[in-house]
Amino acid sequence: EILQFHVIRTPPGRGNVTVNWKIIGQNLELNFANSTGQLFFHEGSLNKTISVHLLDDNIPEEKEVYQVILYDVRTQGVSPAGAALLDAQGYEAVLTVEASDEPHGVLNFALSSRFVLLQEANTTVKLFINREFGSLVPGMLSRKNQTEGNLAEPDVDFVPVVGFLILEEGETAGAIDITILEGLAAQIIIDVSDGARGVIEWPQRRFEVNETQGSLTLVAQRRTGALGHVSLFVYAQNLEAQLGLDYAFTPMILHFANGERYKNVDIMILDDDIPEGDEAFQLILTNPSPGLELGENIIAFITILANDDGPGVLSFNNSEHFFLREPTAVYVQESVAVLYVVREPAQGLFGTVTVQFIVTEVNSSVESKDLTPSKGYVVLEQGVRFKALHISAILDTEPEMDEHFVCTLFNPTGGARLGAHVQTLITVLQNQAPLGLFSISAVANRATSVNIEEATRTVYLSVSRTNGLDLAVSVEWETVSETAFGMRGMDVMFSMFQSFLDASASGWCFFTLEDSVHGLMLRKLSSTLYRWQGIFVPFKDLSVENPKTCEAFNIGLSPYFVITHEERNEEKSSVNSVYTFTSGFKLFLVFRWNGGSFVWHQTLSVRGVLSMALFTRGGVVFLAISQANARSNSLLLRWSSNEFVNFQEVPISGTTQVEALTSGDDIYLIFAKTIFLGDQNSVNIFVWEAGQSSFRYSQSLDFAAVNKIHSFTPASGIVHILLVGQAVSALYCWNSELNHFSFILEAPSAYDAAFVTVKSLNSSKNLIALAGATHSHIYELAYISSQSDFIPSSGELIFEPGDKEAIIAVNVLDDTVPEEDESFRVQLKNPKGGAEIGINGYVQITILSNDDAYGVVGFAQNSLYKQVEEMDQDSLITLNVERLKGTYGRITVAWEADGSISDIFPTSGVISFSEGQALSTITLTVLADDLPELSEIVIVTLIRIITEGVEDPSKGATIDQKRNKSVITTLPNDSPHGLVGWHAESVFLRVAEPKENVTALRLQIVRDKGLLGDIAIQLDDVPELEEGFTVSITDVRLVNSDVSAGQPGVQRPGLEMVEIMIEENDDPRGMFKFHVTRDAGVITAYEVPPPLNVLQVPVVRLAGSFGAVNVYWKATVDSAGLEDFKPSHGILEFADRQVTAVIEITIIDDDEFEFMEMFNISLIKVAGGGRLGDDVVVTVVIPQNDSPFGVFGFEEKTVSEINQGVGGAFL
């Protein structure tokens, strides 16, 4: 039968889960086809089923109870906190197998009782009943007499009975009594008595046999009497051993003849390949014939000893080599080895077995002190197939190399034996970095986090090695972009590579020895030899007296040095020494020049040499010489017949330095000249081209005060020239497009320089050492992107035995782009030689917010000054506040108003700028009232600013102190100086003709509303045609007051004038003149395309404007002709009351080139009663036009040319 057990997993079912199951109970292999297994729940799976196959075995069994349990649950893909667990109650299920195959036994009459022949008599006969196969529980047998045929009659021949017989558990036989009645013919058999027929039993109770023995013979022993023929029944009863599977036996009747005392009983022991434990069965003697008695040992217990490795073969589950680390915070999961002790085969799980283990050093019997436990027992209980043995590494403080141990199983008990894999190797990996532990930190404070302001600066970092220092190891380092970026590109920069602080070098020279690049730094007190190990590391101090300059060269594989010594008395000539290295890097003086030690070879026909340069052309050596005589040209000598001979002169004099370089097939000589008054350039370059016979002038470089000239060719293959100067140095490179040397960047000042190319990882670095300053520095020629925040760099540092520290330099760049805090890191990686990287494996460098990244806040230009009017109702005014430069982050700006704040609302507040927002507004309400008021001023000031998330106010947004105030002027309102007009009685007066020459009239003027300030009233008489006139109040001004403060007004309409009738007078028809603004006495007209070429000249009509009037005008030519403008004359018509008119003259646009031209416009007469004023002539100027000096432009607007030379495409 297939039984199913459902296993559920509670949601959500994260990760993959495996769980083992097994059945616990007796005789699992006989009753179940499978008693163990494993379930796998994939991600999201919540249900699985265990199928158990129950076997049918024909063996009498009572009800059996088994346990199905879940165990060893494992989770993958989730954190330990989320791992699957077993339900404390639901991990176990109970399986009950009901009783089967007649477990209580099969009852029948014993053979001796199936047919009994008796003589009729009053007697009782016993009929024996056998209980075969099962005897597991007590049983009860009911009985009754049955007769067949006519042989006997109840109550006549026998006493009929009905009853029952109880058989206790384990009892296999019983008897019932039948009473026979005496009849007429009765046969009476008197059997033997007093044990004369004997007592049958086994000679002993217990027997053991091996499964491979094949058979077992037991002897049934008849003791005491041996009279007569007797018999008894023998049968087998299963215990652990199963009839037909483990042994074979057929129940039988043993017959003993008269006098026979022994009978052999043979049992066949069945051999199989199934691992089994000790298994037992019983052989039982029962149902003796009448007179035969059973002894005490009627049940023989036969045990088939464990076989086929039933207790199991013990070994480790595999031969895996375990690698452990000491249990630090980082490696706590890697500090335990889990070894599984397994007993095989899978069926060999009988009994409880033990095995000892010990952990020793490899090839030694010494017990381990680095692992725990180092010895002990592993116990596997009945049914348990494997046990886990946890071996843990012990944490100590000593740096150690790899240590190797072996865990060995021995001395198994419980019948188990050892298998093949009884040893497992365990290696405790090196710890505490015995070959070196690398870390990196800032030189200044040993910190692993550095905050710096943005600037072109260098950050120095220390890469240190602790613990093991005995071997050569290396570690790589690199800069890694995070929010700050370092990218390669086309921009050339001098990147600080290494600094030698407080080491003022007079010179450098580089050479290669034993496949390593070395550098010799000359100093007055002691010179130092450096070796390239990713940086230049001090290798040996050398004693050289007053070194000044150094040149290195090789003879074969040996390097030689020419060192120039500077005498303490500078007036004496210098002394030169030639050195080489002996074994152990000791300097050996080869030659020393003291005025006569060198063997004379040749005298050159020159008087004083300032500089020399050697070069080779066509296999011939040439020598270029700068002569001490400033008026002499530089010389070029040729090596011929074992001496230098004059070859030719180079047409340049006054040179102090000369350098030779080769580019392709061309030879260049670079000369530095002494600068005299009037000289334009101090560096001249001559070229000797292929196929030519001499040098020719090529170009000049504008550079002053050259100390040294150095040429070099980096990995790019492009020739570079470095001009070293006292104030500044300059770097040039060959420009193949322009066919000359072009300036690329400025370099630090120095006295001397040296160039060297070194290997770094899989590439090369181009390094330049500068000497002469307080500190000596080595720079790298780097090519970066203009968008970089730092110079990307990397390298490999080599630590020789004993080396503890190396200093590296990282360069941060400055720009003008507002930026928030940006960071990058410098990290260590790829340690070699057995060294390790510690927890301080990188330094975080943060470039603090810069260039006003969060902004500079101030009022916009159009809001610095505002004028507003007080309206009849409340009105709004808006002030714009700008956030210039950076717009990072969220900021809050507080403001407040000061001054005449009674007429505005609100008087304080805050505004906010969100991320990226550049403009915000302050809105104020101007309150309306009916009070006469003078002008009032309100000043709105930005008083405080807060940048969210920035603790240091100096790093946040700021307020522009030049634009932190907005001045708001409210203009005078509600007539604060009053409204002026004529009194009602004085508006119209009528008077009689005067009797005398003069009549005086008294007119009253009224001032309403505001009465602030003293005012002056201007009266004017208006020309009239009729016999009358009016007197008007035309203007009212505040006496001794600024106009901006407001003025009194005039009451309108009607109250500003009085009417007096008089004769016509005062030019009632008008006075006419030009109304123009002149610039230097003229007005300007432009010869431009229509309609912008129309000149408008206004004419104004002053005094009276009565009636229609015509004004005649004409244009008079000067340097401009009539072909330059039109019309040349005309008439302006003024209608009644019209006071202005415009003369329009068109400037003719032509294509002729013309300089400045002029003409005049004149008012000549007036028709209709008016007259001309004093301004009736205006001069008009036409500026030069049509480009009289020429027009420059490209002949073709689009030209495309692709050049595939070095550097890409050019337009």
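The values are calculated or read from the model by the stated rules, or taken from the named source; none is laboratory data. Just so it is clear, the structure is predicted and the values come from calculations on it, not from any experiment. Cβ coordinates were reconstructed from backbone atoms using ideal geometry, including for glycine residues, and neighbour counts include every protein chain displayed.
On the stretch given as segment 1144-1172, residues that are touching a residue at least 40 places away in the same chain (Cβ under 8 Å) and within 22 Å of ASN1185 (Cβ to Cβ) total 12.
I want to confirm something. Restricting to segment 921-937 and keeping residues that are in a loop (DSSP other than H, G, I, E, B) and charged (D, E, K, R), which single residue is farthest from ASN862 (Cα to Cα)?
Checking each candidate, the answer is ASP930.
Of the residues that sit in segment 798-841 and are loosely packed, with under 15 Cβ neighbours inside 10 Å and out of contact with any Asp or Glu (no Cβ under 9 Å at 6 or more places or on another chain), which one is nearest to ALA444 (Cα to Cα)? In this case the residue turns out to be GLU805.
This table checks each residue for (1) at pLDDT 85 or above; (2) buried (at least 16 other Cβ atoms within 10 Å of the Cβ); (3) in a helix (DSSP H, G or I).
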| site | (1), (2), (3) |
| --- | --- |
| ASN318 | no, no, no |
| VAL330 | no, no, no |
| GLN333 | no, no, yes |
| PHE350 | no, yes, no |
| PHE357 | yes, yes, no |
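Would you please name the residue that is modelled with the lowest pLDDT, looking only at residues in segment 556-598 that are touching a strand residue (DSSP E or B) at 6+ places or on another chain (Cβ under 8 Å) and of a type in the set (A, V, I, L, M)?
Ranking the candidates gives VAL590 first.
Among the residues of this structure, VAL940 counts as one that is outside the structural domain of SER1032 (by TED's automatic domain parsing), modelled with pLDDT of 85 or more and not in a loop (DSSP other than H, G, I, E, B).
Yes/no per residue for (1) among the charged types (D, E, K, R); (2) modelled with pLDDT of 90 or more; (3) assigned by TED's automatic domain parsing to the domain that holds GLU951:
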position	(1), (2), (3)
GLY795	no, yes, no
ALA809	no, yes, no
VAL817	no, no, no
SER823	no, yes, no
ASN830	no, yes, no
GLY838	no, no, no
TYR865	no, yes, yes
GLN873	no, no, yes
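Among residues of segment 371-388 being at pLDDT 85 or above and part of a loop (DSSP other than H, G, I, E, B), the one that is nearest to TRP21 (Cα to Cα) is VAL384. Within segment 1083-1119, the residues that satisfy the criterion of being within 23 Å of GLY1170 (Cα to Cα) and either within 60 Å of the chain's Cα centre (by Cα) or of a type in the set (A, V, I, L, M) (or both) are VAL1097, VAL1099, VAL1100, LEU1102, ALA1103, ALA1108, VAL1109, VAL1111, ALA1115.
I'd like to check something: does segment 371-390 contain any residue that is polar (S, T, N, Q) and in contact (Cβ under 8 Å) with a residue 60 or more places away in the chain?
Here is the first cut: in segment 371-390, the ones polar (S, T, N, Q) are 372, 374, 382.
With in contact (Cβ under 8 Å) with a residue 60 or more places away in the chain added as a condition, the list becomes none.
Checked segment 371-390: no residue is polar (S, T, N, Q) and in contact (Cβ under 8 Å) with a residue 60 or more places away in the chain.
Selection of segment 1118-1129 for residues being modelled with pLDDT of 90 or more and surrounded by 14 or more Cβ atoms within 10 Å (Cβ to Cβ) yields PHE1125, SER1128. Restricting LEU745, LEU767 to residues that are in a strand (DSSP E or B), buried (at least 21 other Cβ atoms within 10 Å of the Cβ) and in contact with a strand residue (DSSP E or B) (Cβ under 6 Å, 6 or more places away or on another chain) narrows the list to LEU767.
Here is a list: VAL940, VAL926, VAL950, VAL1006. Which entry is aliphatic (A, V, I, L, M), surrounded by fewer than 17 Cβ atoms within 10 Å (Cβ to Cβ) and touching a residue at least 40 places away in the same chain (Cβ under 8 Å)? Spell out how you get there, then give the answer.
Numbers: VAL940 fails: surrounded by fewer than 17 Cβ atoms within 10 Å (Cβ to Cβ); VAL926 fails: surrounded by fewer than 17 Cβ atoms within 10 Å (Cβ to Cβ); VAL950 fails: surrounded by fewer than 17 Cβ atoms within 10 Å (Cβ to Cβ).
Exactly one residue qualifies, and that residue is VAL1006.
Across segment 717-736, the number of residues qualifying as over 18 Å from ALA660 (Cβ atoms), touching a strand residue (DSSP E or B) at 6+ places or on another chain (Cβ under 9 Å) and in contact (Cβ under 8 Å) with a residue 12 or more places away in the chain comes to 6.
Pick from segment 842-881 the residues that are surrounded by 15 or more Cβ atoms within 10 Å (Cβ to Cβ) and more than 30 Å from LYS955 (Cβ to Cβ): which of them is nearest to the chain's Cα centre (by Cα)? Checked segment 842-881; the qualifying residue nearest to the chain's Cα centre (by Cα) is ILE877.
Within segment 851-887, work out how many residues are touching a helix residue (DSSP H, G or I) at 6+ places or on another chain (Cβ under 9 Å) and of a type outside the set (Asp, Glu).
Residues of segment 851-887 touching a helix residue (DSSP H, G or I) at 6+ places or on another chain (Cβ under 9 Å): 853-854, 870, 878-882.
Restricting the remaining residues to those that are of a type outside the set (Asp, Glu) gives 853-854, 878-881.
So the answer is 6.
Among the residues of segment 838-875 satisfying the criterion of being assigned to a loop (DSSP other than H, G, I, E, B) and hydroxyl-bearing (Ser, Thr, Tyr), which is farthest from SER462 (Cα to Cα)? Per the criteria, the residue is TYR854. Listed by position, the strands (runs of 3 or more DSSP E) enclosed by segment 389-500 that each have at least 2 residues that are in contact with a His (Cβ under 9 Å, 6 or more places away or on another chain) and of a type in the set (S, T, N, Q) are 423-428, 488-500.
Take the conditions surrounded by fewer than 17 Cβ atoms within 10 Å (Cβ to Cβ), in contact with a Gly (Cβ under 6 Å, 6 or more places away or on another chain) and either farther than 21 Å from GLN827 by Cα or at pLDDT 85 or above (or both) and apply them to LEU501. Does it pass?
Values: surrounded by fewer than 17 Cβ atoms within 10 Å (Cβ to Cβ): yes; in contact with a Gly (Cβ under 6 Å, 6 or more places away or on another chain): no; either farther than 21 Å from GLN827 by Cα or at pLDDT 85 or above (or both): yes.
So LEU501 does not fit the description; no.
For first residues located in segment 824-845 and within 16 Å of LEU471 (Cα to Cα), partners that are among the small types (Gly, Ala, Ser) and lie 6+ apart or on another chain with Cβ distances below 7 Å form the pairs LYS832/SER474; GLY833/ALA472; GLY833/SER474; ALA835/ALA433; ALA835/GLY436; GLU836/ALA433.
Reported count of residues in segment 759-793, each being among the acidic types (Asp, Glu) and at pLDDT below 85, is 0.
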